[in-house]
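The values are calculated or read from the model by the stated rules, or taken from the named source; none is laboratory data. Bear in mind that the values here come from a model prediction, so they are computed numbers and not experimental data. Reconstructed Cβ throughout: ideal geometry from the backbone, glycine too, with neighbour counts over all protein chains shown. When the accessible area is computed, the model is the full protein with side chains, heavy atoms only, and any ligands, DNA or RNA have been set aside. Shrake-Rupley method; radii C 1.70, N 1.55, O 1.52, S 1.80 Å.
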Amino acid sequence: LAACRANGWPFAGYRLPGHPVQERIRALLGEGECAVDGCGIPTCAQPLTGQASLLRSAPARILAAMRARPELVGGVDSDDTALMRALPGWAAKRGAEGLLCAVSADGVGWAFKVADGNARALRPAIGAVLGVDEFVVIPIDNSRGEIVGEIAAV
């Protein structure tokens, strides 16, 4: 929506493939297969290195806003919000199918992807790689809220 405003494009239909903002996104990403994601917005396939680079190259004001209000990025208890709270100065954004991209305060980009698409393994992987101890073991609960197991980085 900010891109629409900055370029004088209409807000209506911004999520549709033929809208100018979506055409600009495709032009920035280059050629690649695109489909509609679970939020109803076009998304284009990219390698993980490309995903990490995108967040790393985000404008400073956007990264500053993400760092200042992480709960507005993913929600109060989301993986990206939790990572930004655990590592001040970092920016992170989760995506569909077990994807999370992050950039450190010194500009190093990371992309994490769970192969089966279930995001519950993200925190242990992030914890092991980035040294976030509270992420390394994640309890698994059942429909009654009882702890029945855990996912751990070993």
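The table below lists the values:
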quantity: Among the residues listed as 109, 75, 95, the single one being open to solvent by 20 Å² or more (accessible area, probe 1.4 Å), at positive phi and either of a type in the set (D, E, K, R) or free of Cβ contacts under 8 Å to residues at least 60 places away in the same chain (or both); calculated: 75
quantity: Residues satisfying the stated conditions in segment 1-30, i.e. assigned to a loop (DSSP other than H, G, I, E, B) and closer than 21 Å to residue 101 by Cβ; calculated: 1, 15, 30
quantity: Pairs with Cβ under 6 Å, 6+ apart, first in segment 19-33 and within 9 Å of residue 9 (Cβ to Cβ) and at pLDDT 90 or above, second open to solvent by less than 100 Å² (accessible area, probe 1.4 Å) and in a helix (DSSP H, G or I); calculated: 21/3; 21/4
quantity: Some residue of segment 83-91 being part of a strand (DSSP E or B) and either on the phi < 0 side of the Ramachandran plot or open to solvent by less than 40 Å² (accessible area, probe 1.4 Å) (or both); calculated: yes
quantity: Tabulated pairs, segment 119-144, first of a type in the set (D, E, K, R), second in a helix (DSSP H, G or I), C-beta under 7 angstrom, 6+ apart or interchain; calculated: 123/79; 123/135; 133/127; 134/86
quantity: Lone qualifier among 102, 58 - being open to solvent by less than 60 Å² (accessible area, probe 1.4 Å), within 27 Å of residue 21 (Cα to Cα) and assigned to a loop (DSSP other than H, G, I, E, B); calculated: 58
quantity: Qualifying positions in segment 105-154 - part of a helix (DSSP H, G or I), under 15 Å from the mean Cα position of the chain (by Cα) and among the small types (Gly, Ala, Ser); calculated: 119, 121, 125
quantity: Count of residues meeting criterion [closer than 22 Å to residue 35 by Cβ and in contact with a Lys or Arg (Cβ under 9 Å, 6 or more places away or on another chain)] in segment 1-19; calculated: 2
